[in-house]
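Everything on this sheet refers to the single structure shown next.
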Amino acid sequence: MKNILFVTSECVPFVKTGGLADVCGSLPKAFDKSEYDIRVILPNYHAIKEEWRNQMETVYYFQMDNRIYVGIKTLVLDGIRYYFVDNEQYFGGLVPYYDMFQDLERFAYFSKAVLSALPLIGFRPDIIHCHDWQSSLVPVYLNTVFQGDPFFRGIRTVFTIHNIRFQGTWDVGHIQWVSGLPWECFEPGRLVSPYQDTSIPKNSWNCSMMRGGLVYSDYITTVSNSYAGEIQTANFGDGLDDILRWRRERLWGILNGLDYDEWNPAKDKKIYKTYSVKSFRERKKVNKTELQKELKLKENPDVLTLGIVSRLTDQKGLDIVNIIMDELCSREINLIVLGTGAEYYENMFRYYQSKYPDKVSARIMYSDDLAHKIYAGVDALLVPSAFEPCGLTQLISLRYGTVPIVHAVGGLRDTVEPYNEFEETGTGFVFNEYTAWALMDRINHASWLYYNHKDRWDNLVERGMKKDFSWKESSKIYQDLYSRM
Ligand code: ADP
Ligand code: GLC
């Protein structure tokens with residue numbers, strides 16, 4: 001039996017702002033329970049619904065370093081044990097993330113609390129698997145502050161990069177202060193880039209918590225093969241490409257999977273009418289017209305309807321969507337948007353909705369129910385991201401018979417095969433150059449196929465629905481990695 005502990009800042013069904021929560025909620029379930037005991041630890045945010053908080057039991061509580069309260073709560077769901085690090089002062093807010101300055105302290109505390117709690121809760125992991133910068137100090141603490149404690153001897157670590165754009169970055173002085181890590185960690189090449197301007201005071205050097213995770217963990221993974229290559233370049237590496245090139249033998253790209261129980265159009269209780277690869281030709285349009293009705297668009301099963309379900313941030317390619325909006329709305333096309341994020345993009349979509357009320361519906365909110373209805377109800381999903389480590393929305397859309405229109409980058413490149421009209425192959429529309437023109441060109445191609453060759457469109461949909469993006473294959477690769485360790 002191998003014991004594995006996932007350390008994460010979000011996890012479905014408790015708290016989610018993006019794909020990280022989906023992955024940490026679904027990957028542990030994909031392992032054979034007779035061989036793996038995978039448990040998950042995350043903060044006990046006040047933002048977690050009462051429904052879950054009421055089910056938690058306290059395992060232990062103590063004062064870390066004789067001064068800061070750490071409570072450990074637990075519950076079991078679908079055979080997985082979850083632990084929650086409890087501290088009102090750090091996690092008592094209404095949302096999981098605040099601003100970076102405060103989050104550095106909150107997640108440094110979280111990472112240290114996780115290790116401090118382990119000897120007390122009766123679970124000794126063989127491997128600690130950390131996700132994104134919020135848990136990236138775990139391998140650092142383990143190999144420094146906790147090194148002398150026999151309990152921790154032999155514990156291995158994996159660090160998974162879900163998004164290298166967010167690293168937990170500040171100056172050395174602040175990160176040293178919030179983490180209490182020894183000075184050796186701040187030598188250039190560890191938490192600090194080796195390429196520092198040595199003419200500035202050492203305390204002001206830029207310091208990245210994620211870099212710590214990359215330097216101190218035994219293995220590094222990221223969520224697609226293409227992204228594993230991209231982040232070794234200066235363009236995509238966000239200042240960490242040097243360490244990733246240096247450790248490339250220890251860097252694996254493992255594609256994310258989907259929870260095929262949660263995302264299953266044949267059983268989905270959140271959509272208007274269930275359907276499968278056999279029945280989508282008749283049944284999917286019911287989802288479309290019901291969605292149009294709910295969103296107060298004209299009910300019309302025949303109009304090409306595009307969707308966007310996304311965090312509204314620079315990553316997601318919304319700048320090039322902005323450029324094509326007038327052009328798009330001059331066509332026989334509807335656009336349905338669901339997302340929250342940067343105020344600029346929220347207002348941008350509100351503006352287009354007021355300018356084109358018959359064509360654009362913008363729901364500036366977070367709603368899991370509406371997301372399901374959109375994946376089922378629209379014909380095509382736009383995912384024009386500037387960069388995309390993996391991306392789950394294109395995978396969900398393939399599963400729901402919705403054709404993805406994507407930029408050939410990261411996981412989008414690895415999961416959507418470009419439509420080839422001569423060979424009748426492919427599963428979506430893919431553009432190579434990150435320009436508004438290239439995006440519009442692919443939408444035009446999709447629109448031509450949809451309106452002129454519905455039978456071929458349906459075959460394209462069918463090919464996409466038949467692809468398997470469950471965890472079946474990828475969980476085997478994680479098992480392979482764990483067994484090497
Ligand atoms: P990222 O993690 O970068 O946001 P992913 O594509 O990996 O991107 O995952 C996004 C996840 O969040 C998907 O499950 C998607 O359905 C969901 N999601 C994004 N925005 C919303 C929203 N406004 N309402 C509901 N779900 C959303
Ligand atoms: C990140 C990435 C996204 C990925 C998700 C889960 O948020 O932006 O591409 O799918 O993590 O790994």
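The values are calculated or read from the model by the stated rules, or taken from the named source; none is laboratory data. This one's a predicted model, so the numbers in the text were calculated from it and none came from an experiment. Heads up, the Cβs are rebuilt from the backbone with ideal geometry, glycines too, and the neighbour counts pull from every protein chain shown. Quick note on the areas: whole protein, heavy atoms, side chains included, nothing else; ligands and nucleic acids left out. Shrake-Rupley method; radii C 1.70, N 1.55, O 1.52, S 1.80 Å.
With respect to the chain, whose longest principal axis is taken over its alpha-carbon atoms, helix 343-355 is tilted by about 10°. Rounded to whole numbers, the Karplus 3J(HN,Hα) couplings from phi for the stretch 112-119 are 6, 5, 4, 5, 4, 7, 3, x Hz, using 6.51 cos²θ - 1.76 cosθ + 1.60 with θ = phi - 60°, and x at Gly and Pro. A simple spin-label model places pseudo-atoms 7 Å from Cα toward Cβ; at E433 and R153 they are separated by 6.2 nm. For the chain, the longest principal axis of the alpha carbon atoms and the long axis of helix 318-329 meet at an angle near 10°. Calculated from the alpha-carbon coordinates, the stretch 63-117 shows an Rg and a Dmax of 12.3, 36 Å respectively. Heavy atoms of the protein chains alone define the surface here; on that basis the chain has 41 Å² accessible area per residue at 1.4 Å probe size. A straight chain from K467 to D368 at 0.36 nm per residue would run longer than the Cα-Cα distance by 33.3 nm. Isolated cysteines of the chain, defined as having no other cysteine beta carbon under 4.7 Å away, are C130, C185, C207, C329, C390. Along the chain, the exposed loop sites are trypsin sites (Lys or Arg not before Pro) outside DSSP states H, G, I, E and B with at most 11 other Cβ atoms within 10 Å, and the longest stretch free of them is 299-485. Amide H contacts for T160 (H built 1.01 Å from N in the peptide plane; partners 5 or more residues away or on another chain; cut-off under 5 Å): C130, H131, D132, T221.
Expressed per residue, the C-alpha convex hull volume of the chain stands at 149 Å³. When the GluC sites (Glu not before Pro) in the stretch 7-58 are filtered for DSSP coil states and for at most 14 other beta-carbon atoms within 10 Å of their beta-carbon, the remaining sites are E35. Between A408 and E294, the FRET efficiency estimated from the beta carbon spacing at R0 = 41 angstrom works out to 0.80. Among the chymotrypsin sites (Phe, Trp or Tyr not before Pro) in the stretch 189-272, those placed in a DSSP loop whose Cβ has at most 15 other Cβ atoms within 10 Å are Y195.
With the helix formula -39500 (n - 2.57) applied to DSSP H stretches of n ≥ 4, the chain reaches a computed 222 nm mean residue ellipticity of -10500 deg cm²/dmol.
Please compare each pair in K270/K454; K288/K359; K16/K49; K296/K359 to a cut-off of 19 Å on the Cα-Cα distance and tell me which ones are over it. Cα-Cα > 19 Å for K270/K454; rest within. Of the accessible area of the chain, computed with a 1.4 Å probe over protein heavy atoms only, carbon and sulfur atoms account for 48 percent.
Which pairs, out of K284/K466; K73/K112; K29/K476; K2/K467; K267/K476, put more than 19 Å between their alpha-carbon atoms? Violating the 19 Å limit, Cα to Cα: K2/K467; K267/K476. Remark: the R281-D358 segment gains 25.2 nm on full extension, using 0.36 nm per residue and subtracting the alpha carbon distance. Counting 0.36 nm for each residue step from H174 to S34 and taking away their Cα separation leaves a gain of 46.0 nm. Amide H contacts under 5 Å for G253: T222, restricted to partners 5 or more places along the chain or on a different chain, H placed in the peptide plane at 1.01 Å from N. If r is the Cβ-Cβ distance from S330 to N459 and R0 is 45 Å, what FRET efficiency results, to the nearest 0.05? Plugging the Cβ-Cβ distance into 1/(1 + (r/R0)^6) gives 0.95. Calculate how steeply helix 472-484 sits against the longest principal axis of the alpha-carbon atoms of the chain, using the helix alpha-carbon long axis, and give the answer as 0 to 90 degrees to the nearest 10. Here the helix axis deviates by roughly 20 degrees.
Annotation: the antiparallel percentage among DSSP beta bridges lying fully within the chain is about 30.
A P(r) calculated from all alpha carbon pairs of the stretch 334-394, with 5 Å bins opening at zero, reads 4, 16, 24, 27, 23, 6, 1 percent. With all projection directions averaged, the alpha carbon convex hull of the stretch 1-136 covers 7.8 nm².
With the Kirkwood sum run over all distinct C-alpha pairs, the stretch 396-483 has a hydrodynamic radius of 14.0 Å. The calculated FRET efficiency for S483 paired with N264, based on their beta-carbon distance and R0 = 30 Å, is about 0.50.
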